[in-house]
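The values are calculated or read from the model by the stated rules, or taken from the named source; none is laboratory data. Every value quoted in this text rests on a predicted model; they were computed, and no experiment measured them. With ideal geometry, Cβ positions are generated from the backbone for all residues, glycine too; neighbour counts draw on all protein chains shown. Please note that ligands, DNA and RNA were not included when accessible areas were found on the heavy atoms of the full protein model with its side chains. Shrake-Rupley method; radii C 1.70, N 1.55, O 1.52, S 1.80 Å.
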Amino acid sequence: QFPFGRRLPCDIYWHGVSFHDNDIFSGQVNKFPGMTEMVRKITLSRAVRTMQDLFPLEYNFYPRSWILPEEFPLFVAEVRMMKDSDPSWKPTFIVKPDGGCQGDGIYLIKDPSDIRLTGSIQSRPAVVQEYICKPLLVDKLKFDIRLYVLLKSLEPLEIYIAKDGLSRFCTEPYQEPTLKNLHQVFMHLTNYSLNIHSGNFIHSDNVNTGSKRTFSSILCRLSSRGADVKKLWSDIISLVIKTIIALTPELKVYYQSDIPAGKPGPTCFQILGFDILLMKNLKPMLLEVNANPSMRIEREQELSPGVFENVPSPVDEEVKVAVIRDTLRLVDPQKKKRKDKNPERQHIESCKKEVNIRYNYLICYRCQTLEHVSEASEALLDTGPADRRECDAARSPEAGLPSLCLKQVFPKYAKQFNYLRLVDRVAALFIRFLGVKGTTKLGPTGFRTFIRNCKLSNSSFSMASVDILYIDITRRWNSMGIEHKESGMCLQAFVEAFFCLAQKKYKSLPLHEQVASLIDFCEYHLAVLDEKRLVCGRG
């Protein structure tokens, strides 16, 4: 530990909170610039909403959301309209402060008029979401899942998911929300930091029981009841990949700002905590993403009033030690230097060992059930060709370690999800025209150059209209209370402008086809321009 920074270079820097904890110029750091900002509730909701506009069916795993205070009138109007069209609809909503964590400031309401608008919502923006009233229950209790996801690389995109996670339980039997029980946080909110204060909270030395359990123990239980565990894992993998695809465009803008291309700098990786709720029909719903998930493997135990000591937490140790260990194995800088004499043989031996100790850290009720769940999980999170590189390189020096608990899902399943990466391509256009390295906002000259180089202006869309579009959208986004250290058009505003241009140019197509067509059009003209410049340069 170097609380006051370190001048000597390191292979790996492990920061506590953010990328900017220390000044670093080489090696690898366990945080991406901008990640903390990107997974805040409002920013995450905006990023997912953009994808919902393009691909509504693919992104139906995130509850309907409104951003307060700016969208409060829209929230009131839409709820009224839905109630008028369906008088039997009796919704419940959950209000989450933007920067809140550990359940702080969260409350449930039955009507928009119940939102606490006086003072706090103005100074502390929030997201209000449709509350999921029919969650899956275990032992009559509501619970959520904390899954650990490693974003190993942004460009190229590389994602790993841990084969096990945590299940965190409420401490009072669940009932659908009513005016009488709305305020019973131990019934409705799964946050560990809240339920730990309940008199019903059960600390257990067994990872299959208590108020915090392994996710694998829940899978075993579901499997024993005949649930399709393989499909559930597939849906969770899909949810994780799609969520990260929604986050990467803006992360790339932050990344190029802090680590400009062509300059020496660190590479980044980050462990994220995905909080997922299972509905009664086993459909996974994304609650939130945590940029700094707790990695504690101890809990506090009160010896006497006001006197506490730290004692081991077996369930945390079971899951988190493997995640940290295998993250370090995957980013090991020495791995690139190792050359295996017979990689094919090593892969075979590695796979044999993985079969022998498959899922050895999962302890369930019955061996047969365990084997069934293991096979279902391994079928999706197996060590296929995309993982062979890690398997081969790690084999010799790590022969005594368990098989990796982190399994690659991207680019392994890239073919199934690459069509969703439209906003990534829009962000590439945005970054190209930023001009000065290290900036995150596009100025009016840069926007005009984008329009001109991509041949988007014509008799019906003059450069005067371009300027009006830029001013209107930029002014509105800058008035939303978003922190902006520099003036200009942010990526979200550019994406809105791009969608507007696409709708004007390709009127008869669905939105995602309009946007894809305009991206192709822009990329073609920029490629022609680059070729001309290359020829001129040679001349």
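Structure data summary
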| read-out | value |
| --- | --- |
| Residue match in region 458-470 (condition: open to solvent by less than 50 Å² (accessible area, probe 1.4 Å) and either touching a strand residue (DSSP E or B) at 6+ places or on another chain (Cβ under 7 Å) or closer than 30 Å to Lys152 by Cβ (or both)) | yes |
| Region 413-452, residues that are assigned to a loop (DSSP other than H, G, I, E, B) and in contact with a His (Cβ under 8 Å, 6 or more places away or on another chain) | Lys441 |
| Enumeration of residues in region 137-181 that are over 20 Å from Ile94 (Cβ atoms), open to solvent by 10 Å² or more (accessible area, probe 1.4 Å) and among the hydroxyl-bearing types (Ser, Thr, Tyr) | Ser153 |
| Flag if Ile106 is touching a residue at least 40 places away in the same chain (Cβ under 8 Å), of a type in the set (Val, Ile, Thr) and closer than 22 Å to Lys134 by Cα | yes |
| Residue that is among the aliphatic types (A, V, I, L, M) and either under 23 Å from Val315 (Cβ atoms) or at pLDDT 95 or above (or both), where the choices are Val253, Val289 | Val289 |
| Residues of region 192-212 classified as open to solvent by less than 20 Å² (accessible area, probe 1.4 Å) and either under 19 Å from Ala162 (Cα atoms) or assigned to a loop (DSSP other than H, G, I, E, B) (or both), total | 5 |
| Matching entry among Lys455, Lys532 (being open to solvent by 70 Å² or more (accessible area, probe 1.4 Å) and part of a loop (DSSP other than H, G, I, E, B)) | Lys455 |
| Filter pass, Leu272 being of a type in the set (A, V, I, L, M), in a helix (DSSP H, G or I) and at pLDDT 90 or above | no |
| Residue within region 105-114 that is closer than 30 Å to Ile236 by Cβ, open to solvent by 40 Å² or more (accessible area, probe 1.4 Å) and at pLDDT 90 or above present | no |
| Residue check, Asn281 in a loop (DSSP other than H, G, I, E, B) and under 15 Å from Pro135 (Cβ atoms) | yes |
| Helices (runs of 4 or more DSSP H) fully within region 7-100 counting 1 or more residues that are in contact (Cβ under 8 Å) with a residue 24 or more places away in the chain and more than 26 Å from the chain's Cα centre (by Cα) | 72-85 |
| Residue within region 57-69 that is exposed (fewer than 12 other Cβ atoms within 10 Å of the Cβ) and out of contact with any strand residue (DSSP E or B) (no Cβ under 9 Å at 6 or more places or on another chain) present | yes |
| Residue satisfying condition, being free of Cβ contacts under 8 Å to residues at least 24 places away in the same chain, open to solvent by less than 70 Å² (accessible area, probe 1.4 Å) and in a helix (DSSP H, G or I), within set Ala497, Ala502 | Ala502 |
| In region 223-253, residue farthest from Asp424 (Cα to Cα) [restricted to those that are over 16 Å from the mean Cα position of the chain (by Cα) and crowded, with 19+ Cβ neighbours inside 10 Å] | Ser223 |
